[in-house]
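Remarks on the structure that follows.
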Amino acid sequence: MTANERMATRVQDPQPHKNGLTDLKAPGLLARWPVIGLIMFIFGGLMFGGLTYNLLNQGPLLEWDKVIANTLPAIALKSPAFVQGIMNAGYYIGDQVIAVLSILLGLYLIVKRLWKELAMVVIGLVGASSLFLFLSNLIARPRPPTQIWIVLTIPGFPSGHAITVVVFYGLMAYLLVPKIASALWKVIVIAAAILIIAFVGYSRIFTGGHYLTDILAGYAVGIAWSGIAYTLIEISFQKIRSHHVKKE
């Protein structure tokens, strides 16, 4: 088998890299199994559609929204002082912390010349922000009147924090887990990503920054966008590499 043939084989059937955490190349799972991304897109789209229909038609979930939005911030105000710091941390973990981590990750990917992974980070986050701005302004749902501590006035459905944490921390788990040899640590990384996503969402509800359905709608958009964007990026870069191999 020639060198070009070996290269073509690797492009057509990429295998997970075993170079450790110093190599954050995407595993190519979504390119090999695009049905995964399609399922994520359909599931997230249907979930978002259902929640939006419920909102626009004054569905039964709005009663839960009101009860929770009145109950949790009231509990928060009666909680010990340290609770405010913990819950406000959820706002920053889903915003400024992601901004800093994405810049550091982007610089690392540029140095390593990992263009596919850089595209996943940039397109993922830019798309998440764009979807939030477009959808939230289109639907224009006001935030709960019970907001405390960090108060925002821009529309809140779907939650921008919820979209972004799914897109960013989900991608981090996708890049990291295949590089970890230990099954236990794989589970820990996945669990950590899920807990961060859940904590950010809960903290925004607890402080009255969002209704419950705002957060669920944000998760739905994040799942749908991650599925379609990351799958298309992996497939596109795989086709580009295949094209270059054929030309050699």
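Above 18 Å lies some portion of the pair distances; for the range 147-205, what is it as a whole percent of all C-alpha pairs?
43
Compute the Kirkwood hydrodynamic radius of the range 87-159, taking the inverse of the mean of 1/r over all pairs of distinct Cα atoms, and give it in Å to one decimal.
14.2
Given N residues in the chain, what is Rg(Cα) / (2.2 N^0.38 Å)?
1.13
Post the alpha-carbon centroid distance, the range 194-225 to the range 154-191, in whole angstrom.
13
Take the range 115-156, compute every pairwise Cα distance, and split them into 5 Å bins from 0; I just need the percent in each bin.
P(r) over the range 115-156, rounded to whole percents: 5, 21, 18, 15, 15, 12, 8, 5, 1.
Specify the angular offset, from 0 to 90 degrees and rounded to the nearest 10, of the alpha carbon long axis of helix 115-139 from the longest principal axis of the alpha carbons in the chain.
With rounding to tens, the tilt is 30 degrees.
Using unit Cβ charges (K, R positive; D, E negative) and no other charged atoms, how large, in debye to the nearest 20, is the dipole of the range 29-247 about its Cα centre?
840
So how compact is the range 16-110: Cα radius of gyration and Dmax in angstrom?
Gyration radius and largest Cα-Cα distance of the range 16-110: 20.4, 52 Å.
If I stretch the segment between S129 and W115 completely, what's the gain in nm (0.36 nm per residue apart, minus their alpha carbon distance), one decimal?
Details: separation 14, 0.36 × 14 = 5.04 nm, distance 2.09 nm.
That pair, S129 and W115, stretches by 2.9 nm at full extension.
Extending each Cα 7 Å along its Cβ direction at E63 and Q96, get the distance between those two points in nm, one decimal.
My value for the distance between the label points is 4.1 nm.
Could the peptides 118-125, 165-172 be put in order, highest first, of the mean number of other beta-carbon atoms found within 10 Å of their residues? Before the final figure, lay out each step's value.
Numbers: 118-125: 19.2, 165-172: 24.0.
Output ranking for 118-125, 165-172: 165-172, 118-125.
Normalising by the residue count of the chain, find the relative contact order in percent from Cα pairs under 8 Å and 6+ residues apart.
The normalised contact order for the chain reaches 38 percent.
Using Cα atoms only, what is the angle between the long axis of helix 61-77 and the major principal axis of the chain, expressed in degrees (0 to 90) to the nearest 10?
80
Compute the label zone of D23 within the range 165-199: residues whose backbone N is under 18 Å from the point 7 Å along Cα-to-Cβ.
Of the residues in the range 165-199, 174-182 have backbone N under 18 Å from the label point off D23.
Based on the Kirkwood radius over alpha-carbon pairs, what value in µm²/s does the Stokes-Einstein equation return for the translational diffusion coefficient of the range 121-248 at 4 °C and 1.567 mPa s?
The estimated diffusion coefficient comes to 81 µm²/s.
Treat the count of other C-beta atoms within 10 Å as a stand-in for reagent exposure and order T71, T231, T213 from fewest to most.
T71, T231, T213
Just so you know, all these numbers are worked out from the coordinates, no wet-lab data involved. Model, not experiment: these values are computed from the prediction. Here the Cβ is made from the backbone with ideal geometry for all residues, glycine too, and neighbour counts use every protein chain on show.
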